[in-house]
Amino acid sequence: MLSLVYTSTAVDTFDDDTLATLLMNSRSNNRRLGLTGFLLYRDGQFIQVLEGDDEVVRDRLRVISADPRHTDVSVLVEDEEAERLFPSWSMGYEPASDDLADQIPGYRATFDDLADSTPGFGNQPALRQMLQWFQMRAPQAA
């Protein structure tokens, strides 16, 4: 199974209604495609984890990359995993307020310094720490 983490920049600001619509569509698509993961949005930047069948994840990333609402799509991590990090989230979501961002280990206001890195640098400590924090908060699969 492929676990992929990418960042992107929103072309326009996403307000709560726009994000709700995006999440509703993403969750529906992900359930249909057997994908899980989570999405974090703050100040025009997204970071998303997608996990599932290799080809399905790669196809979904192609769709996201072609979406005119995003720019600067950059894959940060692309790992083969034995099991899902977010098995019960078709698309978990957290709006990263300033208060929440202060609590997230490894959280960064931007990922610009990582965008130029080689994909698959899976040992990047801050990103791994942030993913583990969200994973611990995810509801457990029934």
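The values are calculated or read from the model by the stated rules, or taken from the named source; none is laboratory data. The structure displayed is predicted, hence computed values, not measured ones. A quick note on method: Cβ atoms are made from the backbone with ideal geometry, for glycine too, and the neighbour counts reach across all protein chains shown.
Things to note:
- With respect to the conditions (1) assigned to a strand (DSSP E or B); (2) β-branched (Val, Ile, Thr); (3) out of contact with any helix residue (DSSP H, G or I) (no Cβ under 7 Å at 6 or more places or on another chain), Thr7 lacks only one, and its number is (3).
- Looking only at the stretch 42-58, and only at residues there that are out of contact with any Leu (no Cβ under 6 Å at 6 or more places or on another chain) and surrounded by 13 or more Cβ atoms within 10 Å (Cβ to Cβ), the one that is farthest from Val73 (Cα to Cα): Asp53
- The listed residues are Val56, Val77, and the only one of them that is modelled with pLDDT of 90 or more and of a type in the set (A, V, I, L, M, F, W, C) turns out to be Val56.
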